[in-house]
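Colleague: Here you go, one structure.
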């Protein structure tokens with residue numbers, strides 16, 4: 001994506017994941033908003049985009065953060081919300097090991113208390129180390145944790161998988177984590 005589309009992607013993330021009210025819209029209970037309504041609201045609040053711009057951003061987003069329902073002409077963020085939404089995901093059986101990339105400055109806290117969702121609805125986990133590295137590297141010096149997802153699941157913790165292969169769970173207690181050096 002070029003710089004303009006990166007900026008558009010960040011704006012869509014802000015509106016669809018965190019602050020729909022910043023452009024005067026409300027997401028439906030599952031996080032969807034009609035595309036024409038979103039485009040009108042963005043234009044009215046100084047961030048005009050065309051349908052082609054949105055389609056290009058959705059196609060070009062390496063993390064596939066957004067999904068479009070072409071039949072109903074609507075859009076939503078796939079995960080990462082801080083506003084209340086029900087993504088309608090069914091519990092899923094995770095792979096034996098999942099990964100989490102994070103800035104190195106978080107290691108001590110994570111080893112002491114595990115991973116929590118903070119302001120988001122879930123902890124986000126990656127199916128492979130490479131993806132976790134990309135996530136962790138966004139903020140500079142990083143580490144990758146291995147998550148014993150098989151043991152978590154066996155002990156009753158629940159996982160969900162999004163269509164873009166992000167694994168979600170409510171929390172990862174420290175006992176299920178190990179630095180993946």
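Laboratory data are not the source of any read-out in this text; all were calculated from the coordinates shown. Remember, predicted model here, so these are calculated numbers, not experimental data. Counting neighbours? That spans all protein chains shown, and the Cβs are built from the backbone with ideal geometry, glycine included.
Colleague: Between residue 130 and residue 72, what is the FRET efficiency for a Förster distance of 41 Å, r being their Cβ-Cβ separation, to the nearest 0.05? Intermediate values should be presented prior to the final figure.
Modeller: Working: r = 34 Å, r/R0 = 0.84.
That pair, residue 130 with residue 72, gives E of 0.75.
Colleague: Here is a follow-up. Can you tell me the orientation of helix 35-44 relative to the chain, as the angle in degrees between its alpha-carbon axis and the longest Cα principal axis, to the nearest 10?
Modeller: Once rounded, one gets 80 degrees.
Colleague: Using 1/(1 + (r/R0)^6) with R0 = 35 angstrom and r between the beta carbons of residue 40 and residue 138, what's the FRET efficiency to the nearest 0.05?
Modeller: Numbers: r = 31 Å, r/R0 = 0.90.
For R0 = 35 Å, the calculated efficiency reads 0.65.
Colleague: Then there's this: Order these by the 10 Å Cβ neighbour count, fewest first: 111, 12. Please list the in-between numbers first.
Modeller: Values: 111 13, 12 23.
By the 10 Å Cβ count, ascending: 111, 12.
Colleague: I want to make sure I understand the PRE zone here: with the label point 7 angstrom from the Cα of residue 86 toward its beta carbon, which residues in the range 148-164 have backbone N atoms less than 20 Å away?
Modeller: So the set is 158-163.
Colleague: Name the shape class, rounded, prolate or oblate, that the alpha-carbon gyration tensor gives for the range 122-171, where a ≥ b ≥ c are the square roots of its eigenvalues, rounded holds for a/c under 1.5, and otherwise prolate holds if a/b is larger than b/c and oblate otherwise.
Modeller: Values: a/c = 2.33, a/b = 1.72, b/c = 1.35.
Prolate.
Colleague: Quote the FRET efficiency, to the nearest 0.05, computed for residue 180 versus residue 18 with a Förster distance R0 of 30 Å and r equal to the Cβ-Cβ distance. Before the final figure, lay out the partial values.
Modeller: Values: r = 29 Å, r/R0 = 0.98.
Once the sixth-power term is evaluated, E becomes 0.55.
Colleague: Additional query: For 38, 181, which order do you get if you count the other beta carbons within 10 Å of each Cβ and list the fewest first?
Modeller: On the way: 38 23, 181 6.
Going from least to most buried by this count: 181, 38.
Colleague: How would you classify the range 3-77 from its alpha-carbon gyration tensor, with a ≥ b ≥ c the square roots of the eigenvalues: rounded for a/c under 1.5, else prolate if a/b is greater than b/c, otherwise oblate? Walk me through the intermediate numbers first.
Modeller: Values: a/c = 1.35, a/b = 1.10, b/c = 1.23.
Rounded, since a/c falls under 1.5.
Colleague: In degrees from 0 to 90, rounded to the nearest 10, what is the angle of the helix 3-13 Cα long axis to the longest principal axis of the chain?
Modeller: Rounded to the nearest ten degrees, it is 80.
Colleague: Same structure again: Please say if the chain is rounded, prolate or oblate, where rounded means a/c under 1.5 for a ≥ b ≥ c the square roots of the C-alpha gyration tensor eigenvalues, and otherwise the choice is prolate for a/b larger than b/c and oblate otherwise? Working shown, then result.
Modeller: Numbers: a/c = 2.23, a/b = 1.77, b/c = 1.26.
In terms of gyration-tensor shape, prolate.
Colleague: Using a 7 Å offset from the Cα along the Cα-to-Cβ direction at both residue 117 and residue 171, what is the distance between the two label points in nm, to one decimal?
Modeller: 1.2 nm
Colleague: Additional query: How long is the gain from residue 157 to residue 58 if the chain were fully straight, where each residue apart is worth 0.36 nm and the alpha carbon distance is subtracted?
Modeller: On the way: separation 99, 0.36 × 99 = 35.64 nm, distance 3.18 nm.
Gain on extension, residue 157 to residue 58, equals 32.5 nm.
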